[in-house]
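The values are calculated or read from the model by the stated rules, or taken from the named source; none is laboratory data. Note that the structure is predicted; figures quoted are calculated from it, not measured. Here the Cβ is made from the backbone with ideal geometry for all residues, glycine too, and neighbour counts use every protein chain on show. For the accessible areas, the whole protein counts, side chains as well, though only heavy atoms, and no ligand, DNA or RNA atoms are used. Shrake-Rupley method; radii C 1.70, N 1.55, O 1.52, S 1.80 Å.
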Amino acid sequence: MRTTYITKQKDIERKWYVVDAAGQNLGRMCTEIAHILRGKHKPIFSPNADVGDYVIVINAEKVSVTGRKLQQKTYVRYSGYIGGRKETTLQSMLQRKPTYAVTHAIKGMLPKNNLGRKMFTKLHVYAGPTHKHEAQKPEPLNINKGD
C-alpha cells in the first residue's frame, strides 16, 4: 500500500535568491518569483504548506513592460467615500513608488489566504541596486528575458 507524502517543517530547507529586475519583463519575472515563493520548484511541494524560498528583488524601478502599458495600465484605489476612486498609471507609479508594481503583481499571484500572506513576507523588493540581506548569502537567480 502506498502512502501520501506529507511535508514536515523539519524537512524544509529555505534558500535565499536575488533577482535583478533591470530590463526584465514585469509579468514574466513576477510569475517566476511567485513560483519560487510558493515552493513549486521543489520536489517536496505541498499546496497546504509553505515550503518556498526567500526572494530579494533589486532594481525594481528599472523593470520593463511591452506595448503601451506604461501609459495604459492603471492601478485603482478607493477611499470609501463618494467620488473617492483614484487611478494611477504604471509610469507615474514607477516614479512615485518604484517597488509597488512588482509587489502588487506578485501578491496577486499568491494564494488569497493566511498561507499566501505568510509566503508574501518572504519577498523583499528594493528600488535600487543595494539590499541589506548580504549576511544570508543570496544566490543570483537567472530569469529568462522572454523577448
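Checking each residue of the stretch 9-31 against the condition of being within 17 Å of Thr121 (Cα to Cα), surrounded by 19 or more Cβ atoms within 10 Å (Cβ to Cβ) and in contact with a Gly (Cβ under 6 Å, 6 or more places away or on another chain) gives no match.
Okay, residues lined up against (1) modelled with pLDDT of 95 or more; (2) open to solvent by 80 Å² or more (accessible area, probe 1.4 Å); (3) closer than 25 Å to Glu13 by Cα:
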| site | (1), (2), (3) |
| --- | --- |
| Arg77 | yes, yes, no |
| Gly83 | yes, no, no |
| Thr103 | yes, no, yes |
| Asn114 | yes, yes, yes |
| His133 | yes, no, yes |
